[in-house]
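**Q** Handing you this structure, nothing more for now.
Quick note: the coordinates plus some simple rules give every number you see, no bench work behind them. On a predicted model such as this, the values are computed, not experimentally measured, just so you know. Note: ideal-geometry Cβ built from the backbone for every residue, glycine included; neighbour counts use all protein chains shown.
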Amino acid sequence: MPFIGEILNYGSVSIVGLDKNTGKTECLNYIIKRLPLHSYKVAVTSIGIDGESLDQVTSTAKPEIVIREGMFFGTSEKHYMQRNILSELYAVSDESTALGRVVTAKALAEGKVLLSGPSSGSALKRWMSSLTEFGIDLILVDGALSRLSTASPAISEAMVLSTGAAYSANIKDLTAKTAFIVDLIGLPYCRRDVDVTVSSFVDLKGAILKENSVIGVEGALTDRLLQMAKNELSRGEKELVVNDFTKIFVSPDLYRSYIRRGGKISVRMKSKLLAVCVNPIAPNGIVLDSDALCQTLSQEIGLPVYDIVKNNYDHDI
Amino acid sequence: MTFKEIVYSPCGIRYCFDSLDLQSGYARQLLLESEMMTDRAAIQANYSSLKDYVTLIERDTTLVQNVQFKLQGLRDITATLQSLEDGTLLDDIEFFEIKYLAMLGDDIQRLFSGASVQWRQFDLDRAIQILDPEGLRIGTFYIYDAYSMDLRGYRKSLEADPDNDELKDMIEKEESRIKKVLCNLLRPYADHLKQLLKALAELDIFLAKAYQMQKEGYVIPTVGESAAFKGLFHPQVKAVLEDAGREFQNVDFSYEMGLPSTVIGANMGGKTVVLKTLTLCQYLFQFGFAVPAVSCTMMVFDQIYFCIGDEQNQQKGLSSFAAEMLRIDSVLKAVESGDRILALVDEPARTTNPIEGRALVSALLKILEARHNLAFILTTHYNVENGGKCWRVKGLIEKSKGVEGLKMDYSLLRTESNQVPHEALNIATELGINSQWLDEAKRYLEK
């Protein structure tokens, strides 16, 4: 499995699913199972309520996170008390979530835990930096479903993306939707000085977009702002600079037409996409052809794509 | 009266609270909930400790830094300790909290051994021993194998047979038996641990107060039977002025029981700032802080009243005049109670007509003239009678146009005359206000 080796080059990696039931938890368990824990100190948490034994929306079975001996994990008080593992408490934070405070513990034997860590991006960052006193080498973050915020380079250095039939039941559509996210993740760094900074949520004056070419975007990049920039493309070059890809909330069609017409979007911070994992099975019973899906998607995005459940790649790294 | 009730007082004590470098949220909470000291001996004892901590931070900076770093880990576990005392069965997280607290206390005690200042000594060995059966002396916790041979055996068996539910049940039973034993063993120490928790928060507060005193140039007052300040300053106003590249002019002031003090003087002469500073100092004094002055003697009061203008309470539908009258009325009631009262009133009756206003202020001074349980200070623009001990702001010293060019000497001078200086027109002229208007005003004065 090549991407396990790559994960070890980073201090923090988030696992992000594009939708529910795209195999994010399997992906996380898969990674945990293969990490060389004898030489790496690893911690794992999730943002918000996740790791429920039953999916709250579709009631499909969801695997719990298997924690191996020696790993650290962060979860809420409530889920710590319900754990199925022998573990030693290392810290109790003074920040509270809906399920109580976040506790940090070390597994003394292998076992299963429901992970429900810090509930916001900033709380997650504080938890991650509190781990330095325990000498952690790698932090895995189970990202919230359909929320890409944990993949923000402001939080984790690298990411693994999981997608699948639950996101779209048609290979072509699934490929296009996934490729769009992969495109955003791959947006280049901004190399020029920003002429002016605008925000999508204040009254935008068309003149600002007319007169400047390198435009910093504060906060989110929305359809409205992108449309305005697109309208000005005929007058000259436009480069919109966002903080990172998680700040982009635009429709794929508008994005593609803006790019086709010569528009540019760049970022200030980047996160490394390590791999894409797919789950060809959707909870409504639809099963896609795993090999065809992996191949089509891989060709489209130029990155390796894995169906870890079917293939269960078990070679050593 | 708790600190929380006065933290938003217009005297500006919030600024002093915010500039305290407290390490733990619990210390902050404890300070906010603390009661104002009204006992002379308690205030003196508090200052004697504060002096020790000031000496400590001067002599032993590294030790104090280490202690403060440790105090960052202090958590409020009052509820857990209460559960322990009440006999509730504690869970792993609560045992962890107790162990963490005990070890934190022990670490800080060790840091203090050999220091120039002694900190309270707690005997924590037994409590730590109960929660650290392997003697590892690290602040982590689980139901250790060392507690029971049976538990060790079951856990070993489970490793070989991880899906054995019967074993899991046996482990759970044994763990819960151990938790009961631990609770029983720890219960006698619950009160001791509560005291430790409080002492650690108090240490945090003392160190922050000592640093504030050193950094901001505050002083520990002498406790006496009258009040006298040298080099008094308002820290927030001082900081604002310094940010603007200007300097705060310290003032001297004194007052006593049974003799009202009136402060008169030009507009912009800093009268209100003087009242705010005196109020601030009194609160700081009775909550155990050092005070912003070069030197001072202060006395202890049971109640402190600070009445500043613009108290218009719109929610109650009161005008500023009505709100002010009610507030002063409450002072009069308090004086009758026999408590030792400090009342500071900024320009009373200023929002009504000057004829009745002057009568109200003169009468107020008259009826409060010889109250031996009252120290009364007011500022006014009226020519009042019965002014008691009268102070005048020195006032305008330099003439150059505009607000920036206006130079004031803010020092307070004792004066026998209670005639208020007529500087309003001069100041308005210096401010560059419409001359037609001011000339007309001069003609009215000459009439």
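**Q** With θ set to phi - 60° and the Karplus curve 6.51 cos²θ - 1.76 cosθ + 1.60, what are the ³J(HN,Hα) couplings of the stretch B:255-262 in order, to the nearest whole Hz, using x for Gly and Pro?
**A** Ordered by residue, 3J(HN,Hα) equals 8, 9, 6, x, 9, x, 10, 10 Hz.
**Q** Next question. Net charge near residue B:222, counting Lys/Arg +1 and Asp/Glu -1 over other residues with Cβ under 13 Å of its Cβ?
**A** The answer is +2.
**Q** Also, quick follow-up: Quantify how strongly other chains surround peptide B:90-96 by giving the mean number of their Cβ atoms within 10 Å of each of its Cβ atoms.
**A** Partner Cβ neighbours, averaged per residue: 4.
**Q** When the Cα centres of the stretch A:122-168 and the stretch B:215-246 are compared, how far apart do they sit, in Å?
**A** Taking the Cα centre of each part, the stretch A:122-168 and the stretch B:215-246 sit 50 Å apart.
**Q** A follow-up question, please. Expressed as a rounded percentage, what relative contact order does the stretch A:196-267 have, with Cα pairs under 8 Å and six or more residues apart?
**A** With pairs under 8 Å counted, the relative contact order is 32 percent.
**Q** Between the stretch B:149-175 and the stretch B:283-302, what is the separation of their alpha carbon centroids in Å?
**A** Taking the Cα centre of each part, the stretch B:149-175 and the stretch B:283-302 sit 63 Å apart.
**Q** From the C-alpha coordinates alone, can you work out the Kirkwood hydrodynamic radius of the protein assembly as shown, in Å?
**A** 32.1
**Q** Sorting check: for B:48-54, B:156-162, which peptide has the highest mean count of neighbouring beta carbons within 10 Å, and how do the rest follow?
**A** Per-residue Cβ counts within 10 Å, averaged per peptide and sorted highest first, yield B:48-54, B:156-162.
**Q** Calculate for chain A the 222 nm mean residue ellipticity that helices alone would give, adding -39,500 (n - 2.57) per DSSP H run of length 4 or more and normalising by residue count, nearest 500 deg cm²/dmol.
**A** Result for chain A: -7500 deg cm²/dmol, rounded to the nearest 500.
**Q** Given Cβ point charges of +1 (Lys, Arg) and -1 (Asp, Glu) and nothing else, what value in debye, to the nearest 20, does the dipole of the stretch A:188-317 about its Cα centre take?
**A** I would put it at about 620 debye.
**Q** Need the C-alpha centroid separation for the stretch A:218-265 versus the stretch B:101-122, integer Å.
**A** Between the Cα centre of the stretch A:218-265 and that of the stretch B:101-122, the gap is 60 Å.
**Q** Summing +1 for each Lys or Arg and -1 for each Asp or Glu, what net charge is found among the other residues whose Cβ lies under 10 Å from the Cβ of residue A:280?
**A** Local charge sum for residue A:280: -2.
**Q** Just checking the output field for A:83-89: average partner chain Cβ neighbours within 10 Å of each residue's Cβ?
**A** For this peptide, the per-residue mean of nearby foreign Cβ atoms is 5.
**Q** Let me ask another. With θ taken as phi - 60° and the coefficients 6.51, -1.76 and 1.60, list the Karplus ³J(HN,Hα) couplings across the stretch A:75-82 in order, rounded to whole Hz; mark glycine and proline as x.
**A** These are the phi-based 3J(HN,Hα) values: 8, 6, 3, 4, 6, 5, 5, 9 Hz.
**Q** Averaged over its residues, how many other protein chain Cβ atoms are within 10 Å of peptide A:238-250's Cβ atoms?
**A** Counting other chains' Cβ atoms within 10 Å and averaging over A:238-250 gives 0.
**Q** Modelling each spin label as a point 7 Å along the Cα-to-Cβ direction, I'd like the residue B:169/residue B:8 distance in nm, to one decimal.
**A** Taking the simple label geometry, residue B:169 and residue B:8 are separated by 5.8 nm.
**Q** Mean residue ellipticity at 222 nm from the helices of chain B, using -39,500 (n - 2.57) per DSSP H segment of n ≥ 4 over the full residue count, to the nearest 500 deg cm²/dmol?
**A** Estimated from H runs of four or more residues: -16000 deg cm²/dmol.
**Q** Calculate one ³J(HN,Hα) per residue across the stretch B:120-134 by plugging θ = phi - 60° into the Karplus curve 6.51 cos²θ - 1.76 cosθ + 1.60, and present them in order as whole Hz with x for glycine and proline.
**A** Residue by residue, the stretch B:120-134 yields 3, 9, 10, 8, 10, 4, 5, 4, 5, 4, 4, 9, 9, x, 8 Hz.
**Q** Among A:67, B:138, A:265, A:4, which comes first, then next, by fewest other beta-carbon atoms within 10 Å?
**A** The fewest-first ordering by Cβ neighbours comes to B:138, A:4, A:265, A:67.
**Q** Rounding to the nearest 10 and keeping the result within 0 to 90°, find how far the Cα-based axis of helix B:190-216 lies from the longest principal axis of chain B.
**A** On a 0 to 90 degree scale, this one is about 40.
**Q** Over chain A, what is the relative contact order in percent, taking alpha-carbon pairs closer than 8 angstrom and at least six residues apart?
**A** Relative contact order of chain A: 22 percent.
**Q** Rounded to the nearest 0.05, what FRET efficiency do residue A:197 and residue B:32 give with R0 = 51 Å and r taken as the Cβ-Cβ distance? Could you check?
**A** The pair residue A:197/residue B:32 has a calculated efficiency of 0.80.
**Q** Estimate the FRET efficiency between residue B:230 and residue A:98 by the formula 1/(1 + (r/R0)^6), using the beta-carbon distance for r and 60 Å for R0, to the nearest 0.05.
**A** So the FRET efficiency works out to roughly 0.60.
**Q** If R₀ is 51 angstrom, what is the calculated FRET efficiency for the pair residue A:292 and residue A:39, using the beta carbon separation as r and rounding to 0.05?
**A** 0.85
**Q** When the convex hull of the Cα atoms of the stretch B:3-206 is projected onto a plane and the area is averaged over all directions, what value comes out in nm²?
**A** So the mean shadow area of the Cα hull is 14.7 nm².
**Q** Just want to confirm a number: the relative contact order over the stretch B:219-446, from Cα pairs under 8 angstrom separated by 6+ residues, in percent.
**A** After rounding, I find 25 percent.
**Q** Rounded to the nearest 5, what % of the DSSP beta bridges within the protein assembly as shown are antiparallel ones?
**A** So the antiparallel bridges amount to about 40 percent of the total.
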